[in-house]
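Notes follow once the structure below has been shown.
The values are calculated or read from the model by the stated rules, or taken from the named source; none is laboratory data. The model shown is predicted, which means the values in this text are computed figures rather than measured ones. Glycine gets a Cβ as well: all are built from the backbone with ideal geometry, and neighbour counts include every protein chain shown. Heavy atoms of the whole protein, side chains included, go into the accessibility calculation; ligands, DNA and RNA do not. Shrake-Rupley method; radii C 1.70, N 1.55, O 1.52, S 1.80 Å.
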Amino acid sequence: MKAKLAIFGDYNDTFRPHKATNEGIEHSIKKFDIQLQYDWIATDTIETDFDKIISTYNGFWIAPGSPYKSMAGALRIIKYARENSMPTLGTCGGFQHMVIEFARNILGISDAEHAEYDPYSSKLVVNPLSCSLAGQVLEIELTDKTSKTFEIFGTKRINERYYCNFGLNPEYQNQLDEKGFKIVGTDIHKEARILELQNHPFFVATLFVPQDNSSVETPHKLVTEFLRTITKNKSTYA
């Protein structure tokens, strides 16, 4: 039986990062014969179907496309994944919500907020970027040679495409890093672009959209390793 991946997001066929997510998964599956199937799950169904979801799927992808219909549902599934060794990849909006969950539950910032939901909050852990990155391809430096991310890419610098207008407030970078949600990739201004949770099979958040940098001939390395980890995770916990 194939491993199963749940993609949490409110699917929109006209939104390029959503179509790219499906395409990127298919590239890796076909190129490397990865035995995996995947389903999109709307965020406003997570809380109602929570028990069924966690008993059905072997990995989670927190998708681009915020604001989500249910921020609470997204944060609940991220918390479960973080605490229960569930392989998880968050891209763009997924990155942002993984940051909020960690800030609320690990940093103790109970009112940590995302500017897209509450722009007037006093604790904007995710805030508007000083300059929108939407549509840009920019260089990222992989700063931690001991990280899984560095091992996956095997290089110090990568170029990736963004679709976002929000990111991690730099004021909170050190707190996340010190508590184990390590900053392993930064832009030229040393602002966080890749986060990786220590002591977890795979819990990686990218502000860019790696799936849109994938092709039939060259599936994206991060996506491929994520899917492989899910299949390994299924074998381990079967």
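Could you count how many residues in the range 5-26 are in a loop (DSSP other than H, G, I, E, B) and open to solvent by less than 60 Å² (accessible area, probe 1.4 Å)? Quick ask: steps written out before the conclusion?
At the first step, the residues of the range 5-26 found to be in a loop (DSSP other than H, G, I, E, B) are 9-15.
From what's left, open to solvent by less than 60 Å² (accessible area, probe 1.4 Å): 9-10.
So the count comes out to 2.
Does the range 88-104 contain at least one residue that is touching a helix residue (DSSP H, G or I) at 6+ places or on another chain (Cβ under 8 Å), over 20 Å from A192 (Cα atoms) and either at pLDDT 95 or above or not small (G, A, S) (or both)?
In the first step, residues of the range 88-104 are kept if they are touching a helix residue (DSSP H, G or I) at 6+ places or on another chain (Cβ under 8 Å); the result is 88-92, 97-104.
Subset that is over 20 Å from A192 (Cα atoms): none.
No, the range 88-104 has no match at all.
Checking I158 against (1) open to solvent by less than 30 Å² (accessible area, probe 1.4 Å); (2) farther than 20 Å from T88 by Cα; (3) not in a strand (DSSP E or B), which single condition isn't satisfied?
(3)
Report yes if some residue within the range 118-125 is within 27 Å of Y11 (Cβ to Cβ) and surrounded by fewer than 23 Cβ atoms within 10 Å (Cβ to Cβ); otherwise report no.
In the first step, residues of the range 118-125 are kept if they are within 27 Å of Y11 (Cβ to Cβ); the result is 118-119, 125.
Adding the requirement that they be surrounded by fewer than 23 Cβ atoms within 10 Å (Cβ to Cβ) leaves 118-119.
Yes, the range 118-125 contains at least one residue that is within 27 Å of Y11 (Cβ to Cβ) and surrounded by fewer than 23 Cβ atoms within 10 Å (Cβ to Cβ).
S85 - would you say it is farther than 23 Å from D187 by Cα, free of Cβ contacts under 8 Å to residues at least 60 places away in the same chain, open to solvent by 30 Å² or more (accessible area, probe 1.4 Å) and not β-branched (V, I, T)?
Numbers: farther than 23 Å from D187 by Cα: yes; free of Cβ contacts under 8 Å to residues at least 60 places away in the same chain: no; open to solvent by 30 Å² or more (accessible area, probe 1.4 Å): yes; not β-branched (V, I, T): yes.
No: the conditions fail for S85.
Filter the range 51-69 down to the residues that are open to solvent by less than 20 Å² (accessible area, probe 1.4 Å) and more than 15 Å from the chain's Cα centre (by Cα) and list them by number.
Going through the range 51-69, the residues open to solvent by less than 20 Å² (accessible area, probe 1.4 Å) turn out to be 53, 59-64, 68.
Passing the criteria: only I53.
Being open to solvent by 60 Å² or more (accessible area, probe 1.4 Å), farther than 20 Å from G59 by Cβ and free of Cβ contacts under 8 Å to residues at least 40 places away in the same chain narrows it down to one residue among K179, K145, K232; which is it? If you could, list the steps in order and put the result at the bottom.
On the way: K179 fails: free of Cβ contacts under 8 Å to residues at least 40 places away in the same chain; K232 fails: farther than 20 Å from G59 by Cβ.
None of the others qualify; the one that does is K145.
Of the conditions (1) open to solvent by 10 Å² or more (accessible area, probe 1.4 Å); (2) in a helix (DSSP H, G or I); (3) within 17 Å of L176 (Cα to Cα); (4) β-branched (V, I, T), I78 fails just one. Which one is it?
Only one criterion is unmet by I78, namely (1).
Does I29 satisfy being assigned to a helix (DSSP H, G or I) and buried (at least 22 other Cβ atoms within 10 Å of the Cβ)? Outline the logic, then answer.
Details: assigned to a helix (DSSP H, G or I): yes; buried (at least 22 other Cβ atoms within 10 Å of the Cβ): no.
So I29 fails the test.
Does the range 182-193 include one or more residues that are of a type in the set (A, V, I, L, M, F, W, C), closer than 23 Å to E139 by Cβ, in a helix (DSSP H, G or I) and free of Cβ contacts under 8 Å to residues at least 40 places away in the same chain?
no
Please name all residue pairs, on different chains or six or more residues apart, with Cβ atoms under 8 Å, provided the first residue is in the range 194-223 and is farther than 14 Å from G93 by Cα and among the hydroxyl-bearing types (S, T, Y) and the second residue is assigned to a loop (DSSP other than H, G, I, E, B) and at pLDDT 95 or above.
Filtered contacts from the range 194-223: S214/H220.
In the set D51, D39, D44, D118, which member is out of contact with any Pro (no Cβ under 6 Å at 6 or more places or on another chain), in a loop (DSSP other than H, G, I, E, B) and of a type in the set (D, E, K, R)? Write out each step before concluding.
On the way: D51 fails: in a loop (DSSP other than H, G, I, E, B); D39 fails: in a loop (DSSP other than H, G, I, E, B); D44 fails: in a loop (DSSP other than H, G, I, E, B).
Going through D51, D39, D44, D118 in turn, just one is out of contact with any Pro (no Cβ under 6 Å at 6 or more places or on another chain), in a loop (DSSP other than H, G, I, E, B) and of a type in the set (D, E, K, R): D118.
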